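Q: Below you'll find the structure I mean.
The values are calculated or read from the model by the stated rules, or taken from the named source; none is laboratory data. What you see is a predicted model, and the numbers here were worked out from it, not measured in a lab. Using ideal geometry, Cβ is built from the backbone for each residue, glycine included, and neighbour counts are taken over all protein chains shown.
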Amino acid sequence: MMNRCKNCGKPLEDNTSLLCPACAATERNDVKAGRAGVRTIRRMAFVAAVLAVTLIILVTLSIVFSKKYDSSHFTTQLTQALADGDVKTLTNLVSGQDIAVSEENLTALCRAFSSEEARNTLLQQLEAQIMDPNLSGTSYPALTVEKDSVFLGYSKFKLSVHSVQLFLATSASNPLLTLNDTACTGEVVSGGVLYKNLFPGRYTCLVTACSSTGETVTGAATELDLFQTSEPTSFNGALPLSDLTVSGCTSDEATILVNDQAIAAKAVGGTVTIPQVSLGSTISFTFTEPHGAVTTGSVQFTDQNTTTLTFGNVTTTGGVPDKAGIDALLRTYYASYLDAVNQQDATKFQPMVSETFFNEQSPLISSADKTANIYEFTDAICEEPSVSTLLIGEEPGFRCNATFSYQYTGRESHETQNASDKVSCEFVFRDGQWKLNRLVNCSEENYVSNSTAALDG
């Protein structure tokens with residue numbers, strides 16, 4: 001018998017169908033239909049349960065992954081670790097691109113971000129780089145964000161660190177750089193030393209070097225933040241050394257001294273350039289004239305902001321022989337002169353006198369009063385209080401009064417007499433020696449008063 005729909009009474013041709021083709025009613029009056037409905041409901045409940053569990057799992061994973069891989073979570077964790085100096089946490093957050101990540105390096109990085117202001121600046125940079133990975137850091141170029149995809153659109157973030165360089169700009173010899181008490185080895189280049197492959201961060205920089213005289217000096221400890229990548233960070237070492245320019249040297253042949261130690265530098269046009277002089281040094285010069293005069297001058301380097309100096313305290317001492325030296329000059333000349341008279345040979349005294357004086361005196365040795373006697377030298381003595389210096393043209397000279405003592409014997413009478421002459425003498429330093437340039441008789445008045453005024457006439 002054909003089954004009929006309990007709702008409309010229409011025949012149900014398909015006994016397996018749960019729906020009436022006429023009225024779409026789900027009620028079946030047979031047991032088979034009832035069982036089929038129960039199974040369907042169960043299947044639907046199971047599917048719903050699975051979907052619910054799946055949804056719960058996805059929501060949970062979403063919450064977990066959102067927290068773990070959220071960019072704000074990364075930046076917060078990073079900045080907090082920097083603030084706390086948490087090297088252990090930073091080890092998992094920092095990736096070295098071309099340099100190793102070590103505890104020492106991370107400590108230097110933390111020092112750079114000890115202030116909230118610095119951390120906020122870094123945070124702004126990182127957030128901008130997360131939005132646009134192609135952005136380079138303006139404040140901290142050596143730091144960028146490394147973004148690695150995990151799944152389902154989630155990404156893992158790390159702070160990517162690039163090496164930096166430091167240029168020590170100094171011409172000092174044997175420079176030694178320490179960063180946070182660690183000695184560094186650099187490459188000597190034009191103008192200084194280049195240090196490569198440094199980890200970004202804040203460093204206490206200390207430099208020692210040698211001055212131009214070999215003195216070891218130490219610069220002031222200086223805090224430097226190293227984050228630049230486009231070019232090396234430049235540092236002069238804070239050394240108490242400067243290149244000096246000193247003028248006022250009286251001779252380009254003078255010896256230049258730094259702290260009483262002679263150096264190779266020479267003056268040009270009275271000005272000398274001296275490299276790497278230590279602060280507090282005394283720069284001086286000394287020049288000995290051929291005639292023995294010594295000229296000196298000095299200046300102290302007291303301010304690194306003032307590197308153009310002028311020699312002061314310029315004084316000249318000596319140059320004129322002492323009394324014994326002058327007496328020796330007088331004796332040599334006068335003994336030679338008397339010998340020339342006796343032998344009628346003016347060349348006997350020529351080496352001791354100037355050309356002008358020789359030309360004046362040489363004809364006089366043949367005068368009648370000179371040839372009438374034979375002369376014997378006794379002594380020649382300078383009056384020391386009468387000594388005075390002067391320039392004869394551009395040549396150094398001096399004047400003095402002196403007494404010439406001698407004996408003379410008449411060629412015909414054979415009588416011997418003692419005699420002396422008081423004279424005023426003028427010497428000039430020429431051709432590397434002192435030469436008698438002028439000689440005149442000195443009055444008793446001038447002699448007593450130590451005046452050489454007779455030479456002025």
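Q: Does region 362-374 include one or more residues that are closer than 22 Å to F429 by Cα, in the same structural domain as V428 (by TED's automatic domain parsing) and either of a type in the set (S, T, N, Q) or surrounded by fewer than 16 Cβ atoms within 10 Å (Cβ to Cβ) (or both)? Give the derivation first.
A: If we filter region 362-374 for residues that are closer than 22 Å to F429 by Cα, which is where we start, we get 362.
Checking the rest, the ones that are also in the same structural domain as V428 (by TED's automatic domain parsing) come to 362.
Then keep just the ones that are either of a type in the set (S, T, N, Q) or surrounded by fewer than 16 Cβ atoms within 10 Å (Cβ to Cβ) (or both); that gives 362.
Taking every residue of region 362-374 in turn, at least one turns out to be closer than 22 Å to F429 by Cα, in the same structural domain as V428 (by TED's automatic domain parsing) and either of a type in the set (S, T, N, Q) or surrounded by fewer than 16 Cβ atoms within 10 Å (Cβ to Cβ) (or both).
Q: Continuing with this model, one more query. Of all the residues that make up region 158-178, how many are part of a strand (DSSP E or B), modelled with pLDDT under 95 and of a type in the set (S, T, N, Q)?
A: Residues in region 158-178 being part of a strand (DSSP E or B), modelled with pLDDT under 95 and of a type in the set (S, T, N, Q): 3 in total.
Q: Quick one: how many residues across region 391-431 are farther than 23 Å from V341 by Cβ and part of a loop (DSSP other than H, G, I, E, B)?
A: 3
Q: Give the residue, chosen from G201, G191, G186, that is on the phi > 0 side of the Ramachandran plot, among the small types (G, A, S), surrounded by fewer than 19 Cβ atoms within 10 Å (Cβ to Cβ) and out of contact with any Pro (no Cβ under 8 Å at 6 or more places or on another chain). I'd like the intermediate steps shown before the answer.
A: Working: G201 fails: surrounded by fewer than 19 Cβ atoms within 10 Å (Cβ to Cβ); G186 fails: on the phi > 0 side of the Ramachandran plot.
Residue meeting the stated conditions: G191.
Q: Those residues that are assigned to a helix (DSSP H, G or I) and surrounded by fewer than 13 Cβ atoms within 10 Å (Cβ to Cβ), I need them from region 105-123; list them, please. Steps first, please.
A: To start, the set of residues in region 105-123 that are assigned to a helix (DSSP H, G or I) comprises 105-112, 116-123.
E116, E117, N120 - these are the residues of region 105-123 that are assigned to a helix (DSSP H, G or I) and surrounded by fewer than 13 Cβ atoms within 10 Å (Cβ to Cβ).
Q: I would also like to ask the following. Within region 93-137, can you find the residues that are under 18 Å from H73 (Cα atoms), without any contact (Cβ under 8 Å) to a residue 24 or more places away in the chain and in contact with a strand residue (DSSP E or B) (Cβ under 8 Å, 6 or more places away or on another chain)?
A: Hits for region 93-137 are Q125, Q129, P133.
Q: Would you mind listing the strands (runs of 3 or more DSSP E) fully within region 250-335 where at least 2 residues are within 23 Å of C382 (Cβ to Cβ) and not aromatic (F, W, Y)?
A: Values: elements: 255-258, 272-278, 282-288, 294-300, 308-310, 312-317.
In region 250-335, the matching strands (runs of 3 or more DSSP E) lie at 312-317.
Q: So which residues in region 399-427 are modelled with pLDDT of 95 or more, farther than 20 Å from F377 by Cβ and not basic (K, R), if there are any at all?
A: The answer is E426, and nothing else.
Q: For a quick check of your reading of the model, give me the residue pairs whose first member lies in region 434-457 and is over 13 Å from F398 (Cα atoms), whose second is in a loop (DSSP other than H, G, I, E, B), with beta-carbon atoms closer than 8 Å and at least 6 apart or on different chains.
A: That search, which allows pairs on different chains as well, returns V440/G457; C442/T452; E445/S451; N446/T452; A454/C442; A454/S443.
Quick grid of which residues meet (1) out of contact with any His (no Cβ under 7 Å at 6 or more places or on another chain); (2) surrounded by 13 or more Cβ atoms within 10 Å (Cβ to Cβ):
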{"position": "N401", "(1), (2)": "yes, yes"}
{"position": "Y406", "(1), (2)": "yes, yes"}
{"position": "S413", "(1), (2)": "yes, no"}
{"position": "F429", "(1), (2)": "no, yes"}
{"position": "C442", "(1), (2)": "yes, yes"}
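Q: Right, another one. Is it the case that region 313-320 has a residue that's farther than 30 Å from S247 by Cα, surrounded by 16 or more Cβ atoms within 10 Å (Cβ to Cβ) and not charged (D, E, K, R)?
A: Of the residues in region 313-320, the ones farther than 30 Å from S247 by Cα are none.
No, region 313-320 contains no residue that is farther than 30 Å from S247 by Cα, surrounded by 16 or more Cβ atoms within 10 Å (Cβ to Cβ) and not charged (D, E, K, R).
Q: Go through S173, S139 for me and flag whichever is within 30 Å of L279 (Cα to Cα), under 31 Å from the mean Cα position of the chain (by Cα) and not charged (D, E, K, R). Working first, answer last.
A: Numbers: S139 fails: within 30 Å of L279 (Cα to Cα).
From the options S173, S139, the qualifying one is S173.
Q: Would you confirm whether or not region 331-348 contains a residue that is within 60 Å of the chain's Cα centre (by Cα), of a type in the set (V, I, T) and either outside the structural domain of A293 (by TED's automatic domain parsing) or closer than 22 Å to K422 by Cα (or both)? Even if it seems obvious, please write down each step before you answer.
A: From region 331-348, those within 60 Å of the chain's Cα centre (by Cα) are 331-333; that's our starting set.
The next check asks that each one be of a type in the set (V, I, T); those that pass are 332.
Remaining after also requiring either outside the structural domain of A293 (by TED's automatic domain parsing) or closer than 22 Å to K422 by Cα (or both): 332.
Yes - at least one qualifying residue is present in region 331-348.
Q: If you check T222, T271, T282, which single one turns out to be of a type in the set (S, T, N, Q) and in contact with a Cys (Cβ under 6 Å, 6 or more places away or on another chain)? Steps first, please.
A: Details: T271 fails: in contact with a Cys (Cβ under 6 Å, 6 or more places away or on another chain); T282 fails: in contact with a Cys (Cβ under 6 Å, 6 or more places away or on another chain).
None of the others qualify; the one that does is T222.
Yes/no per residue for (1) under 22 Å from K156 (Cβ atoms); (2) modelled with pLDDT of 95 or more; (3) among the acidic types (D, E):
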| residue | (1), (2), (3) |
| --- | --- |
| T60 | yes, no, no |
| D98 | yes, no, yes |
| A108 | no, yes, no |
| A112 | no, yes, no |
| Q124 | yes, no, no |
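Q: What is the residue count in region 350-389 for residues that are among the aliphatic types (A, V, I, L, M), under 60 Å from the mean Cα position of the chain (by Cα) and assigned to a helix (DSSP H, G or I)?
A: Qualifying residue count, region 350-389: 1.
To keep it simple, each residue is scored yes or no on (1) within 30 Å of T316 (Cβ to Cβ); (2) polar (S, T, N, Q).
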{"position": "Q343", "(1), (2)": "no, yes"}
{"position": "T347", "(1), (2)": "no, yes"}
{"position": "L390", "(1), (2)": "yes, no"}
{"position": "T403", "(1), (2)": "yes, yes"}
{"position": "S420", "(1), (2)": "no, yes"}
{"position": "W434", "(1), (2)": "yes, no"}
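Q: Quick one: count up the residues across region 232-255 that are surrounded by fewer than 21 Cβ atoms within 10 Å (Cβ to Cβ), free of Cβ contacts under 8 Å to residues at least 60 places away in the same chain and over 18 Å from the mean Cα position of the chain (by Cα).
A: 4
Q: Turning to a different aspect of this structure: Against the definition (in the same structural domain as Q124 (by TED's automatic domain parsing), hydroxyl-bearing (S, T, Y) and modelled with pLDDT of 75 or more), how does T40 come out, yes or no? Give the derivation first.
A: On the way: in the same structural domain as Q124 (by TED's automatic domain parsing): no; hydroxyl-bearing (S, T, Y): yes; modelled with pLDDT of 75 or more: yes.
No.
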